[in-house]
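Worksheet: the structure to be examined is printed underneath.
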């Protein structure tokens, strides 16, 4: 699979098979992703990878937490979306959500069903591997972008191995619970989770392909020959 094929076939997978991912495969992906660029070569990413019993225990602990408090730990590390999200971003986010729930037949008025689907994030959507990405709290927004690039590299390399992924910033809402369970050093901040595994392509939710803006909507070319 070449890079263009990996980019085109990557999706946010929300239903996985329970087929195990070999440890050597995951190690190869995370190792190859080390070539991700970072400003000043800081390489600010830290990754915790779980499968099997450790993953099951974490998911059970988090499930109990969100059942008693849907807001997670009640201590949000950062705003996943800025307050007062403006256009065109608000409309794009709204449509992506509506299109997602449409694939599994959940109408807008069925709030409980939507909440239950949202809670499946904390099960990593049934993926056999859960990844948690951290960075040092002393670092700033440029290093956040570096971690994002590392995650994107992981997602593309996963496609090379026939795997799918779903990045999940919602895990930041239960950062305290996760930090205590995994004994993560206090100086590290949970930025995002990621489900990884083999996609259940028979599940309707995996038919979703979110729309992308046309190139002309965000591109500004200067000095190039007209086409």
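General remarks:
- Shown here is the pair-distance distribution of segment 104-149: with all Cα-Cα distances grouped in 10 Å bins from zero up to the longest one, the shares run 21, 28, 28, 22, 2 percent.
- Using a cutoff of 8 angstrom between alpha carbon atoms and counting only pairs six or more residues apart, the relative contact order for segment 1-157 works out to 55 percent.
- Taking the fewest neighbouring Cβ atoms within 10 Å as the starting point, the ordered list for 166, 13 is 166, 13.
- Put simply, when 24-33, 128-137 are sorted by average Cβ atoms within 10 angstrom per residue, most first, you get 128-137, 24-33.
- Length released on extending from residue 219 to residue 19, taking residue separation times 0.36 nm less the Cα-Cα span: 67.9 nm
- Counting neighbouring beta carbons within 10 Å and listing from fewest to most, the residues 1, 219, 155 come out as 219, 1, 155.
- Over the chain, equivalent-ellipsoid semi-axes from the Cα gyration tensor in Å: 26, 24, 21
- For segment 1-109, the square roots a ≥ b ≥ c of the C-alpha gyration tensor eigenvalues yield an a/c under 1.5, which makes the shape rounded.
- Translational diffusion coefficient (Stokes-Einstein; Kirkwood radius from C-alpha pairs) of segment 94-227 at 37 °C, 0.692 mPa s, in µm²/s: 187
- Our analysis of segment 49-146 gives Rg over Rh at 1.00, with the two radii drawn from alpha carbon positions and Rh computed by the Kirkwood formula.
None of the figures in this text is laboratory data; all of them are computed from the coordinates on show. Quick caveat: nothing in here was measured; it's all calculated off a predicted structure. Neighbour counts run over all protein chains shown; Cβ positions are idealised from the backbone, glycine included.
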